[in-house]
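The values are calculated or read from the model by the stated rules, or taken from the named source; none is laboratory data. Keep in mind that what you see is a predicted model, and the values were worked out from it rather than measured. Here Cβ is always computed from backbone atoms with ideal geometry, including for glycine, and neighbour counts include all displayed protein chains. Heavy atoms of the whole protein, side chains included, go into the accessibility calculation; ligands, DNA and RNA do not. Shrake-Rupley method; radii C 1.70, N 1.55, O 1.52, S 1.80 Å.
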Amino acid sequence: MRILVVEDEAGIAEALQRGLTADGFAVDVAHDGVDGLHLARTNPYVAIILDIMLPGLNGYRICSALREDGNSVPILMLTAKDGEYDEMEGLDTGADDYVTKPFSYPVLLSRLRALIRRAGATATPTDQLRVGDLMLDAHARRVFRGETEIELSPKAFAVLEYLMRQQGLVMSKEQILENVWDHAFEGDPNIVEVYVSRIRNAIDVAFDRSTLQTVRGVGYRLIDDQR
Ligand code: CA
């Protein structure tokens, strides 16, 4: 669940990055419009939070450039105070929603999740992902094996959500990293193994199951082992 924040005010960008990271997103930040457009064009984001007044290239232009590319990533615009005109223009250029500065983080988060949900609704009719009796509720942020609730850290949750959305397909470490960690991640790709092993303990070992499988030399896949 990777998010791009394009915001030149360092304080706001940092606060968003901190908040969204704590809420389980992988967050990339661009501080100017040119960098923002480049990142948006070259990475798989579930949504973009886009300021309007930016050095280099403004938010309207980034938004219309992405839509001209045929990129339908959900875009949440950050507009200045009392900017009714801004909001209209933002929605005209293809933004999906806007939040007026100064905004409250919980409000922004719920608008952002609504956008991601709406965008996903065409592909998956529900937030409740199921693989056999394993159920992940992406909206409520809860995981169950049968009736038993499983506690996972935000990052482990994000890895599991990604594997559940790709159910049955083998995903490489690199694909998992690219989709669940952010651009700034420069650590050891084997971090994926650490999370897979934690998830496996939580969803499989504890239940004497084997749904999260390692395909040696290729990657990981999640299957229904009782079918
Ligand atoms: Ca700005």
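How far is helix 59-68 tilted, in degrees, relative to the longest principal axis of the Cα atoms in the chain, given as a value from 0 to 90 rounded to the nearest 10?
So the helix axis and the longest Cα principal axis differ by about 60 degrees.
Using the Cα centre as the reference, give the magnitude of the dipole from point charges on the C-beta atoms of the chain (Lys, Arg: +1; Asp, Glu: -1; all else neutral), rounded to the nearest 20 debye.
With only Lys, Arg, Asp and Glu charged at Cβ, the dipole is about 900 debye.
Please build a GNM for the chain, connecting alpha carbons under 10 Å apart, and tell me which residue among Pro154, Pro74, Pro102 fluctuates the most.
Pro102
Just subtract the alpha-carbon distance of Asn43 and Ala22 from 0.36 nm times their residue separation and send over the number in nm, one decimal.
Using 0.36 nm per residue and subtracting the Cα-Cα distance, I get 5.5 nm.
Using only Cα atoms and rounding to the nearest 10 degrees, what angle (0 to 90) does helix 33-42 make with the longest principal axis of the chain?
The angle comes out at about 30 degrees.
Calculate, for Arg142 and Asp208, the FRET efficiency according to 1/(1 + (r/R0)^6) with r their C-beta to C-beta distance and R0 22 Å; round to the nearest 0.05.
0.50
Per Stokes-Einstein, at 20 °C and 1.002 mPa s, what whole-number D in µm² s⁻¹ belongs to the chain, with the Kirkwood radius over Cα pairs as the hydrodynamic radius?
116 µm²/s
Ignoring ligands and nucleic acids, what accessible area does Asp137 show with a 1.4 Å probe (Å², nearest 10)?
Number for this one is 20 Å².
Leaving ligands, DNA and RNA out of it, rank Ile75, Ile191 by accessible area with a 1.4 Å probe, largest first.
Ranked from most to least accessible, the order is Ile191, Ile75.
So, R0 is 25 Å and r is the distance between the beta-carbons of Asp8 and Arg118; what FRET efficiency does that work out to, to 0.05?
The value I calculate is 0.35.
Taking loop as defined by DSSP and a crowding limit of 11 other beta carbons within 10 Å, which GluC sites (Glu not before Pro) in the range 130-227 fit?
Glu147, Glu151, Glu186
Putting +1 on Lys and Arg Cβ atoms and -1 on Asp and Glu Cβ atoms, find which of Gln175, Leu4, Val107 reaches farthest to the positive end of the dipole of the chain.
Farthest towards the positive pole: Gln175.
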